[in-house]
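Heads up: the structure comes next, in structure tokens.
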Amino acid sequence: MPDQRSLTDETTHLFGNRKPLVTEWQIPLELIKAFGLSVAMVSIIGGHFISMKTTFCDTCRMDLQKTYIVQLFGFPHTCVFIDENPAKTLSTIVFLFASLPLMFCTYFEKVRVEHSYAAGDIRLKNVNTFAKYTWGIRFCSFALVSLIYVNSPIYDPDPFVDPQHATLTQLVADRPWKQFILHYIPYFFWQLSLSLMAIEQAWYHHYVGTFPFDPPKVIIRIYLGVTFVVFLYYTAWITGFIFGFYVPGHTYHDKEDPDVVHNVSWGLFIMFLYDILAIIVPIILSICRSYGVGCRKSPSCVISFSGSTKEEEN
């Protein structure tokens, strides 16, 4: 919760000597961001356990192998476990407590960069430009990420139109395929926004001296480079399945035994690697900055509210 306290303004006012009450909220941005990212992980992990107990168990009403995602990818991507109720409803509610803090942090971190640059820290010129042109994308993406629940893939499409063996005209006419596109678009922007947030914050905290354990600039570049390359590959990997073109590392069914799917381990590796780079690592870094572990403690964002005096009200 914000640390709320009241102070007396030391500035002389035009309306007599009565000084208005000033209320300040100290906002721990790093903890709020860590909370938002952690809740997102809890939503997905919780959805997995709920679905496996109530939706896709041996005696449950649905067959995991008949879901659109498993038929498309050949294995259960994370999203499949939050696509059906009851996990879907619970995950939607929980995810609000991830998107709202991340929207809040996106805006106020942009303001923090602007103020630091305006105060004369010229090292933040590029970071300020980056924040200026990307914060809106991130803010809207975090706000609209819940559309993945609105447009859940259709269960057991009959028939399943495999993009690898269909024309674009056939795909456009296929309702389950179009539904999956609507499902994937907000997920794509969610992943993009996580990368953009990691880039902005890594460089900002490097320049102001609050990057935990003070790694060399080359290490930060490698981390950000790997994160963005994995994002690009992951996006191409998924897009290849959607439009039916081959991307190295794609899963595929064995010709002799269609029940055998190759490259599943690689698909799982890429999926979890991106979560580690774009969610787990930023959570750890934010917690370290919040408590000054391995670096100078990151200052809180202070929001001030100044009440009016009776003279001003009149």
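FYI, it's all coordinate maths here, none of it is from the lab. None of these values were measured; they are calculated from a predicted model. Here the Cβ is made from the backbone with ideal geometry for all residues, glycine too, and neighbour counts use every protein chain on show.
Could you work out how far apart the two model spin labels at V172 and D58 are, taking each label as a point 7 Å from the Cα in the direction of the beta carbon, and quote it in nm?
4.7 nm
Would you work out which of P163, L144, G47 lies farthest towards the positive end of the dipole of the chain, given +1 charges on the beta-carbon of Lys and Arg and -1 on that of Asp and Glu, about the Cα centre?
L144
Using modelled amide H (1.01 Å from N, peptide plane; none on Pro or chain starts), what sits under 5 Å from the amide H of C301, excluding residues fewer than 5 places away?
Answer set, sorted by chain and number: I27, L29.
Which of the helices in the chain meet the span-like rule: DSSP H, Cα axial reach of 30 Å or more, Kyte-Doolittle mean at least 1.0?
29-54, 217-243
Across bins of 10 angstrom width beginning at 0, how are the C-alpha pair distances of the chain distributed, in whole percent?
5, 22, 28, 20, 13, 7, 3, 1, 0, 0
Just in region 37-116: which trypsin sites (Lys or Arg not before Pro) are loop by DSSP and have at most 13 other Cβ atoms within 10 Å?
R61
Among L268, Q71, V229, which residue has its Cα furthest toward the positive end of the charge dipole of the chain, with +1 on Lys/Arg Cβ and -1 on Asp/Glu Cβ?
V229
Place a +1 charge on the Cβ of each Lys and Arg in the chain and a -1 charge on the Cβ of each Asp and Glu, then give the dipole magnitude about the Cα centre in debye, rounded to the nearest 20. Display every interim value, and only then the final one.
Details: 23 positive and 26 negative charges, 189 e Å.
Once rounded to the nearest 20, the dipole reads 900 debye.
Just the isolated ones, please: cysteines in the chain lacking another cysteine beta carbon under 4.7 angstrom.
Among the cysteines of the chain, those whose Cβ sits 4.7 Å or more from every other are C79, C105, C140, C288, C295, C301.
Quick check on my link table: of K33/K53; K33/K125; K66/K88, which ones sit more than 20 Å apart, alpha carbon to alpha carbon?
Beyond 20 Å: K33/K53; K33/K125.
To the nearest 0.05, how large is the calculated FRET efficiency for A236 and V22 if R₀ is 51 Å and r is the Cβ-Cβ distance?
0.45
Of the chain, which part is the longest with no GluC sites (Glu not before Pro) in a loop (DSSP not H, G, I, E, B) and with at most 15 other C-beta atoms within 10 angstrom?
Looking at the chain, 11-255 is the longest stretch - no exposed GluC sites (Glu not before Pro) with at most 15 other Cβ atoms within 10 Å.
Using the Karplus curve 6.51 cos²θ - 1.76 cosθ + 1.60 with θ = phi - 60°, work out ³J(HN,Hα) for each residue of region 65-74 in order, rounded to whole Hz, and write x for Gly and Pro.
5, 8, 6, 4, 5, 5, 5, 7, 8, x
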